[in-house]
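The next block holds one structure in the form of structure tokens; read it before the comments.
The values are calculated or read from the model by the stated rules, or taken from the named source; none is laboratory data. Since the model is a prediction, treat every value here as computed from it, not as a measurement. Positions of Cβ are generated from backbone atoms using ideal geometry, with glycine treated the same way; all protein chains shown enter the neighbour counts. SASA here: full protein model, heavy atoms, side chains in, ligands and nucleic acids out. Shrake-Rupley method; radii C 1.70, N 1.55, O 1.52, S 1.80 Å.
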Amino acid sequence: FPATTLERERSHEHARAMATAMRTWRDVPEAPADPILGLNAMYRADPAPSKLNLGVGAYRTDDGKPYVLPVVRAVEQQLASDPASNHEYAPIDGLPEFTTASAALILGKDSSALASGRVVTVQALSGTGALRVGCTYIYRFFRPGTRVYLPDPTWANHRNIVPDAGLGPALTYRYYSNSLRG
């Protein structure tokens with residue numbers, strides 16, 4: 001049946017909004033394909049029935065849905081039911097219990113760097129957020145020519161964060177050896 005005047009006006013408004021959006025974004029280059037996300041495509045194409053997709057760091061069910069480990073669910077429930085839990089802001093450098101435990105986990109509890117007080121840890125929201133904060137800190141308080149190394153492979157957006165912070169292109173290192181399997 002024929003469209004009403006109001007429906008035609010809404011359609012024209014929508015078309016104008018879409019045209020404006022297209023002009024706004026037309027000069028923004030498309031990001032390069034992400035090699036880690038490319039692993040998902042390889043996983044989907046692999047016919048092996050015993051395959052396991054760990055490319056994005058998330059477990060999946062046989063139906064491809066996110067799988068939350070039972071221990072994670074249990075901890076979520078414990079936190080939700082803890083009467084001492086609150087929604088206050090964390091200290092600006094993070095929760096001391098978390099940063100201390102993280103440093104010991106990464107460096108080893110018997111690390112000489114920890115024992116001598118040469119380690120400083122801060123907590124940030126997400127890996128990408130932490131990388132941006134860290135690069136900005138390096139640029140402001142060390143020197144702009146400082147070299148920053150990223151693992152290869154890494155997330156494609158991480159490569160842009162380093163030069164966007166003023167530090168020049170990121171250098172890379174391999175953290176996995178196929179021949180050594182580690």
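Globularity index of the range 92-182 is 1.22 (Cα radius of gyration / 2.2 N^0.38 Å, N = number of residues). Of the trypsin sites (Lys or Arg not before Pro) in the range 9-38, the ones in a loop by DSSP (not H, G, I, E or B) with at most 14 other beta carbons within 10 Å are R26.
Treating the beta-carbon of each Lys and Arg as +1 and of each Asp and Glu as -1, no other charges, what is the dipole magnitude of the range 40-158 about its Cα centre, to the nearest 20 debye?
500 debye
In nm, what is the difference between 0.36 nm times the number of residues separating I106 and T128 and their Cα-Cα distance?
The span from I106 to T128 would gain 6.1 nm if fully extended.
Taking 0.36 nm per residue of separation and subtracting the current Cα-Cα distance, fully stretching the chain between A19 and E88 would add 20.5 nm.
Think of a 1.4 Å ball rolled over the protein heavy atoms: the chain then has 83 Å² of accessible area per residue. Considering only Y139, P91, A74, and ranking their Cα positions along the charge dipole of the range 28-182 that arises from unit charges at the beta-carbon of Lys, Arg, Asp and Glu, the one farthest toward the positive end is Y139.
If you line up the long axis of helix 127-141 against the longest principal axis of the chain, both from Cα atoms, how many degrees apart are they, to the nearest 10? It is inclined by approximately 70 degrees. Using only helices, what value at 222 nm comes out for the chain when you add -39,500 (n - 2.57) per DSSP H run of length 4 or more and divide by the total residues, to the nearest 500 deg cm²/dmol? -14500 deg cm²/dmol, from helical runs alone. Shown is the FRET efficiency for S177 and R10, computed with R0 = 41 Å from the Cβ-Cβ distance and rounded to the nearest 0.05: 0.10.
Estimated translational diffusion coefficient (Stokes-Einstein, Kirkwood radius over Cα pairs, 10 °C, 1.306 mPa s) of the range 51-108: 108 µm² per second. Each residue of the range 16-31 was assigned a 3J(HN,Hα) from its phi angle through the Karplus expression (A = 6.51, B = -1.76, C = 1.60, θ = phi - 60°), giving 5, 5, 5, 5, 5, 4, 4, 5, 4, 9, 5, 8, 8, x, 6, 5 Hz with x at Gly and Pro.
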